[in-house]
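Read through the structure below, which is laid out as structure tokens, and then see the notes.
The values are calculated or read from the model by the stated rules, or taken from the named source; none is laboratory data. Bear in mind that the values here come from a model prediction, so they are computed numbers and not experimental data. So basically every Cβ, Gly included, is an ideal-geometry build from the backbone, and we count neighbours across all protein chains shown. Please note that ligands, DNA and RNA were not included when accessible areas were found on the heavy atoms of the full protein model with its side chains. Shrake-Rupley method; radii C 1.70, N 1.55, O 1.52, S 1.80 Å.
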Amino acid sequence: MNIQSINKNIQTQKDVLLNHPLYSQIKTIEDLNSFLEIHIYAVWDFMSLLKALQQKLTCTTTPWVASANPETRYLINEIVLAEESDLAMDGRRLSHYEMYIEAMQDCNASTTEIEQFLHEVEGTKNIFVAIKNSHLDNAVKDFLNFTFKVIERGKAHEIASAFTFGREDLIPNMFTEILRNFKASFPETDLSKLIYYFERHIELDADEHGPMAMKMIEELAENDPIKWKEMEEVAIEALEKRIGLWNAIEKTIKEKELSLA
């Protein structure tokens, strides 16, 4: 098994995501806000996947020792730098999560739920308890539980698979086009920060992080057929959880439309 075979075997899930009816449902600013208020959880938990990889593949303890592979070490540190301390539109250093939150606020999307959830995470010191106690849609809970169960198992190659294959690079391109259309249709709403966020992701993933992540996958597989199989299983499940997340957003939009009818 190799990267090509994994890509072939996850194509069904990728096609579902590319052709998901959610995209055609986002017609108003209210619909867009419904998307943002749920998608923010995927923006947030991505950082935990990345930090888990940083702990596994670089040295984050003292006394320091050089980790095994300098190329993989560079990849992780480079992505951490870009994701945790990137340049915002105005030149400030912000994490992509913070950039997304500011973009939500400019759109008048609510950040109350995600802020309350993170307060619960800090209070309980147990992510699984916080997820269980939340009022999130079950599909959102499943999405988050999957991420943190992969992290909890502690297998670097599985975490790398969820990180590399599970975070679909086709979606930002699609949403950038949707946002550009919105900018023309709703000129009174400032979408500049949101467009910047998606365009920044496209730039980083296509030019640097995507190819480097694939190289990391090959190195972590170590020509071990069991590891390749486990990475494929994680990749498929990660995309299926993303489909579930998209289904939950579509359902939320439709329910809000019905309540206003």
Rounded to the nearest 10 Å², what accessible area does Lys183 show when all protein chains are kept and the probe is 1.4 Å?
110
As a check on your grasp of the helix formula, calculate [θ] at 222 nm for the chain: sum -39500 (n - 2.57) over DSSP H runs of n ≥ 4, divide by the residue count, round to the nearest 500.
-24000 deg cm²/dmol
Ignoring any ligand, DNA or RNA, what whole percent of the accessible area of segment 135-261 comes from carbon and sulfur when the probe is 1.4 angstrom?
51
Which net charge results when you count Lys and Arg as +1 and Asp and Glu as -1 among the other residues whose beta-carbon is under 9 Å from that of Phe46?
-1
If you roll a 1.4 Å probe over the heavy atoms of the protein chains, what accessible area per residue do you get for the chain, in Å²?
49
Let me make sure I get this right: for segment 40-96, a, b and c are the square roots of the gyration tensor eigenvalues over alpha carbons, sorted descending. Under 1.5 in a/c it's rounded, otherwise prolate if a/b > b/c, else oblate. Which is it?
prolate
Shape call for segment 1-129 from the C-alpha gyration tensor, a ≥ b ≥ c root eigenvalues: rounded (a/c under 1.5), prolate (a/b greater than b/c) or oblate?
oblate
Would you kindly derive the ³J(HN,Hα) couplings of segment 85-99 from the backbone phi angles with the Karplus curve 6.51 cos²θ - 1.76 cosθ + 1.60 (θ = phi - 60°), listing them in order in whole Hz, with x for Gly and Pro?
9, 7, 7, 6, 4, 8, x, 6, 8, 9, 6, 5, 4, 5, 4
Using θ = phi - 60° and the Karplus form 6.51 cos²θ - 1.76 cosθ + 1.60, what ³J(HN,Hα) does each residue of segment 212-225 get, whole Hz, x for Gly and Pro?
5, 5, 5, 5, 4, 4, 4, 5, 6, 5, 6, 6, 9, x
Gyration tensor on Cα atoms of segment 102-251, a ≥ b ≥ c root eigenvalues, a/c under 1.5 rounded, else prolate if a/b beats b/c, else oblate, says oblate
Could you calculate the FRET efficiency of Glu78 with Glu255 from 1/(1 + (r/R0)^6), where r is the beta carbon distance between them and R0 is 51 Å, rounded to 0.05?
0.80
Any idea how far the Cα center of segment 1-57 sits from the one of segment 112-177, in Å?
11
On a 0 to 90 degree scale, rounded to 10, what angle separates helix 192-204 from the longest Cα axis of the chain?
20
